[in-house]
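Participant: Here it is, the structure in full.
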Amino acid sequence: MRVRLLIWMMCMFAAAGAEVVYSPDMFPLILQDIYEELTEEGREADYEETENSLRQLAENPINLNATTEAELRQLLFLTDEQIDAILLFAYKNPFHNLYELRLINELADYEIRNMLPFVYAGEPADKQEFYWREMWHYARQEADVRFDARNIENNGTDPFYASLKYMFRYKRKVDAGVVAERDPKEPFCSRGKTYGADFYGGWLQVDDVWKMKRMVIGDYRASFGQGLVLNTNMNYGGKAIYLYRRGLREEGLKRKSSTAEYDFFRGTGATIRIGITDVTLLYSARKIDGRAEEGVFASVQKTGYHRTESELEAKRGVWQQVAGTNVTIGLKRLKLGVTATEMLLGDTLRPRQMYYNKNYFQGKRQFAAGLNYDWMIWRLHLFGEIATAQNTEWGLANLTGLRIVPTRGLTLTALYRYYSPHYDNMLSSGFGETTKINDENGIFIGLETTMVKRWKFAAYGDYFRFSGPKYGIKTPSDGFDVYLTAAFSPSDKADMQWKLRAKEKGGMRKYAFRYTVDVRTGGWVVKAGAEANMVREADSVPTFGGVLYGQAEYHWSSVPIVLQGRVEAFYADNYDNRLYVYENDVLNAFSVPMIYGIGGRWYVNFRYRISETVSVYLKAAQTIYSDETVEKQGYAGRTRTEVHSVLRLKW
C-alpha cells in the first residue's frame, strides 16, 4: 500500500509540472502496432476503416472516468483484462490525470503511449450532449483527395487510381460522408453500369440520440456474437487475436466509410436500448458482383475490380436483400444474444462443381440463426455461439471458449469449434483455419503473460481437422498450428519482438520466424526487421524464404514535416515461401504487399502539415526483381513503381 501511495504521489508531482502531450506524428506508429497484429498470412482486413474509426476517436476521446466496456473495446490494442483493469481503477479511484495509467500493472509503457490520443481524465459526469443548433458550428469536416499511379511499368497507358472522400463528424454523435473511387484501367462510362467513378458510397450514423443507441443509413457493416450468423466486419485478424480477447471486438452496427466494395450492407439499421435489452433491426438491398445467365450465377466476385470484359459483365449483376435482427440482454455478469438473418438473392447461386465445394451454399434464399453468450464468474469467462443455417441440408456451427485469469498477469484460453460440412453461411466470418466457416473441427489452447517486468509472452497451439476435401487438399485431413511470441520493452523508447510459428496443413509443413526492433530518440524513429521461413512438403526438398529491412523516420521539431524511408531485400523463390510485411502509406491507405521472388524494395513517405487545414501526404515505392525472377514469372520488366498522394482539407 505504501509503495502504491508513493508511486501515486510521484505521478501527481510529475503531472503538476507537465502535461501529457500527444503529437499527430505519433499516429502512424500506433496504426503500425495495430496493423501488424491484424495482419496474418495475408488475411484480409479493412485497414482504411480501422484508421477512419481511430481518427474519429482521437478527435472525440474517451473520458476514462465516465466510460464503458463497449467504448474501450474500440481501442483494438487493449486486451479484455486491460479493459477490466482500467474500469476497476476508475471505479475505485477516478483518474486525476493520464499519468495514473502507470499505476495499472496490466498496462505496459508502449500500450499507455498508444492510448494517449484516444482518452482523457475528465469529471465522472462529463458526457457529450447533443444539440442540433450547434452541430453545424462545432462539427469537424474533412475532404481527402487521393491520386495514385500504380505499377506504372506494367499498367500501360492507365495506371491511375483516384478517390474522393468527404466526412462530417459532430462529437461522437453524428458521422456522415460520401466516397467515390476508381481503380486503374476501370472505364469512366460502361454499359449504364459506370458513371464517372467506378464506385460510390455514402453513410450516416447517429449515436445515443433519444432512445436510440445507434442508427445507420446508407453503407454499413454488422457483427454479433462470434460472427457465426452475422459478421461483415473486416478487421478480424487471425488466431492470435483470441490470446487477448473473447472474439469480435466491435459488435453491432457500424457505418462503412472506406472504399472497399464488398462485405457490406446498403440500407438502414437501428439499435434501440430498452432497459437492459438492446434490440437491433436491419435491412439491406444492393446489387453484388456476379455474372448471371438464365437466372443462375456461379460465384460472387469480391475483388471490387471492373476492368476486363468479364469483370464488367459481373458488375452489380445480382440483387441481394438481407433482413436481420439481434436481441441482446446484458446483465451484470451475463450477456445473452439471439441473432437471425434472412437473405434473398435475385438469381440462383449454383457454384461450379469442384472437389472441395459440394457442400457450399446454393440457392436463392438462406435463413440463419444463433445464440451467443458471455458469462463472467470470478476469474472465468465462458463465451461462445451456436448457430444453424439453411443449405441443401441444415448445418450446425458451434464455437465455445473459456478464458481463465488465475493470477494477475496470466491469462489462459481454450476454444473448441465444430462447423458441420453443411454449414455455409454467406454472411458469417469467424475463428477458424480457413476463411470460410465450413467443415472444420478443432481445439485451440493459448496463454498470455506479463508477469515478468517489461516482458510480454504469448503462445497458442491449434489442432484442426477437415472431414472432407478443402481447396488444395483433395482428401480428408488434419493439421496443427503452433505460435510463440515475446515482446520486450527495455525502456519507453525501445521495443523488441520475436515471433515463431510452426504449421502443418495438407501435408505441407511451414516454419516461420520474425524479429523486429524499433528505437525512438529525439525526432528519430528507427526500425529494423528480419523474417524467414522454411517450407517442406512430403518428401520434397525444403524451400526457404526471407526478408531483411531497415527503416528510419524523422520528425522535425521546427516544421510539421515527417520523412520516412525503408529499404529491404527479399528471397522467396517459391510461392509457398511468400511473405507479408506491413508498410506505412499515405492517409487512409494501407499496404501489406505480398513478397514473392528475388529482389529488393524501397519506399519513401513524406507528410507535411501545411496548416491546421491543409496537409499533404506522398509515397514513392519501387520493387526491383532479379533477372531470374523476371524470366521465371514472365514479368514485363525488372521494376514495379508506384506513387501515392493525398491532399487533406480539414476544417
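Participant: Provide a single number: the residues in the range 398-455 that are modelled with pLDDT of 95 or more and among the basic types (K, R).
Facilitator: So the answer is 1.
Participant: Right, Y120: touching a strand residue (DSSP E or B) at 6+ places or on another chain (Cβ under 9 Å) and under 30 Å from D585 (Cβ atoms) or not?
Facilitator: Yes, satisfied.
Participant: For the range 542-599, enumerate the residues that are of a type in the set (G, A, S), under 20 Å from N151 (Cβ atoms) and either outside any strand (DSSP E or B) or at pLDDT 95 or above (or both).
Facilitator: Of everything in the range 542-599, those that are of a type in the set (G, A, S), under 20 Å from N151 (Cβ atoms) and either outside any strand (DSSP E or B) or at pLDDT 95 or above (or both) turn out to be A589, G599.
Participant: So for the range 499-514 (the condition being more than 20 Å from P542 (Cβ to Cβ), at pLDDT 95 or above and surrounded by fewer than 18 Cβ atoms within 10 Å (Cβ to Cβ)), does at least one residue qualify?
Facilitator: no
Participant: Restricting attention to the range 68-111, which residues are over 21 Å from R379 (Cα atoms), in contact (Cβ under 8 Å) with a residue 40 or more places away in the chain and either among the polar types (S, T, N, Q) or touching a Gly at 6+ places or on another chain (Cβ under 8 Å) (or both)?
Facilitator: Residues satisfying the conditions are Q74, N97.
Participant: State whether the residues of the range 626-639 include one that is in a strand (DSSP E or B) and of a type outside the set (V, I, T).
Facilitator: Checked against the condition, which is being in a strand (DSSP E or B) and of a type outside the set (V, I, T), the range 626-639 yields no hits at all.
Participant: Across the range 474-503, what is the total count of residues that are closer than 18 Å to D439 by Cα, assigned to a strand (DSSP E or B) and out of contact with any Phe, Trp or Tyr (no Cβ under 7 Å at 6 or more places or on another chain)? Please lay out each step first, then the result.
Facilitator: Here is the first cut: in the range 474-503, the ones closer than 18 Å to D439 by Cα are 474-481.
Now narrow it down to the ones that are assigned to a strand (DSSP E or B): 477-481.
Remaining after also requiring out of contact with any Phe, Trp or Tyr (no Cβ under 7 Å at 6 or more places or on another chain): 481.
Qualifying residue count for the region: 1.
Participant: On to the next question. Whether any residue in the range 212-228 is on the phi > 0 side of the Ramachandran plot and modelled with pLDDT under 90 is what I want to check.
Facilitator: There is no residue in the range 212-228 that is on the phi > 0 side of the Ramachandran plot and modelled with pLDDT under 90.
Participant: Ok, one more. Looking only at the range 399-447, how many residues end up being outside any strand (DSSP E or B), within 16 Å of G238 (Cα to Cα) and not basic (K, R)?
Facilitator: Of the residues in the range 399-447, 9 are outside any strand (DSSP E or B), within 16 Å of G238 (Cα to Cα) and not basic (K, R).
Participant: Read through the list (1) basic (K, R); (2) at pLDDT below 95; (3) touching an Asp or Glu at 6+ places or on another chain (Cβ under 6 Å), then give the number of the only condition that K254 fails.
Facilitator: Result: K254 passes all but (3).
Participant: Please verify whether the range 30-42 includes one or more residues that are assigned to a loop (DSSP other than H, G, I, E, B), of a type outside the set (V, I, T) and either modelled with pLDDT of 85 or more or surrounded by fewer than 16 Cβ atoms within 10 Å (Cβ to Cβ) (or both).
Facilitator: yes
Participant: Would you check which residues across the range 282-299 are surrounded by fewer than 17 Cβ atoms within 10 Å (Cβ to Cβ) and either touching a residue at least 60 places away in the same chain (Cβ under 8 Å) or more than 22 Å from S223 (Cα to Cα) (or both) and list them? Break it down into steps so the answer makes sense when it comes.
Facilitator: Kept after step one, since they are surrounded by fewer than 17 Cβ atoms within 10 Å (Cβ to Cβ), are these residues of the range 282-299: 283, 285-287, 293-296, 298-299.
Passing the criteria: E293, E294, G295, V296, A298, S299.
The values are calculated or read from the model by the stated rules, or taken from the named source; none is laboratory data. It should be emphasised that the depicted structure is a prediction, and the values quoted were computed from it without experimental measurement. Cβ atoms come from the backbone with ideal geometry, glycine included; neighbour counts cover every protein chain shown.
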